[in-house]
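Below is one structure, written out as structure tokens; comments come after it.
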Amino acid sequence: VVKISRTHLDILHALIKAKEFGQYIGLTSFAEPTHGIEIFEELLSIKIRQIVFNTTQELIDGISKAVDDGINCVVGGGVCRKIATDLGGNGIVVLPSKEVIFQALREARAIASVRRRE
């Protein structure tokens, strides 16, 4: 398994799309908060609420509370968007850049090569 990481630039692109729904945006993060969001808030004139989760239930609960509290849009993965829309909110998926995808493919090839040699 190779993780496809999201970069701050990928998050910025998603936040720009999310801003179309309003100024109060939820940003999901697995296990630990995303650092540097105050820069996004300043650049885009928005308020970001971080939704940090470790389990699916924590994610559902966090998004549900955020939607109830008036979040205009939730930014995260595809599951986050589905949860938000199921709850009557809006969601935008953070899409990885081509460079990130190519890096993950290079890493996967390297891992497969090592496994074959073993």
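The values are calculated or read from the model by the stated rules, or taken from the named source; none is laboratory data. Since the structure is predicted, the reported quantities are computational estimates derived from the model, not experimental observations. Every residue, glycine among them, receives a Cβ derived from its backbone with ideal geometry; neighbour counts consider all protein chains shown. In case anyone asks, the SASA skips ligands and DNA or RNA and just uses the protein heavy atoms, side chains included. Shrake-Rupley method; radii C 1.70, N 1.55, O 1.52, S 1.80 Å.
Helix 8-18 and the longest principal axis of the Cα set of the chain meet at an angle near 40°. For the pair Ala31 and Val52 in one chain, pulling the backbone fully straight at 0.36 nm per residue adds 6.9 nm over the alpha carbon distance. Of all aspartates and glutamates in the structure, those lying under 12 Å Cα to Cα from Lys98, and not within fewer than 8 positions of it along the same chain, are Asp10. Decide, for the range 1-67, between rounded, prolate and oblate: order the square roots of the alpha carbon gyration tensor eigenvalues as a ≥ b ≥ c, take rounded if a/c falls under 1.5, and otherwise choose prolate if a/b is larger than b/c, else oblate. Oblate, because a/c is 1.5 or more while a/b does not exceed b/c. Helices in the chain, meaning DSSP H runs of at least 4 residues, each add -39500 (n - 2.57). Divided by all residues, the mean residue ellipticity at 222 nm is -16000 deg cm²/dmol.
Dipole of the chain computed with +1 at Lys/Arg Cβ and -1 at Asp/Glu Cβ about the Cα centre; of Leu43, Val93, Leu105, farthest Cα towards the positive end is Leu105. Label separation (Glu118 vs Gln103): 2.4 nm, computed from points 7 Å beyond Cα along the C-beta direction.
In the context of the full set of protein chains, residues of the chain present 63 Å² of accessible surface per residue (probe radius 1.4 Å, heavy atoms only).
What net charge is computed for the residues neighbouring Asp61, neighbours being all others with C-beta under 13 Å from the C-beta of Asp61, Lys and Arg scored +1, Asp and Glu -1? Within the 13 Å Cβ shell, the charges total -2. Size descriptors for the chain (Cα atoms only): Rg and Dmax, in that order, 16.0, 54 Å.
Near Lys65, which lysines are there with a Cα under 18 Å away, not counting those fewer than 8 places off in the same chain? Output for Lys65: Lys47, Lys82. Counting Lys and Arg as +1 and Asp and Glu as -1 over every other residue whose Cβ lies under 14 Å from the Cβ of Ala108, the net charge comes to +4. Most tightly packed first, judged by the mean number of other beta-carbon atoms within 10 Å of their residues, the peptides 105-116, 41-52 read 41-52, 105-116.
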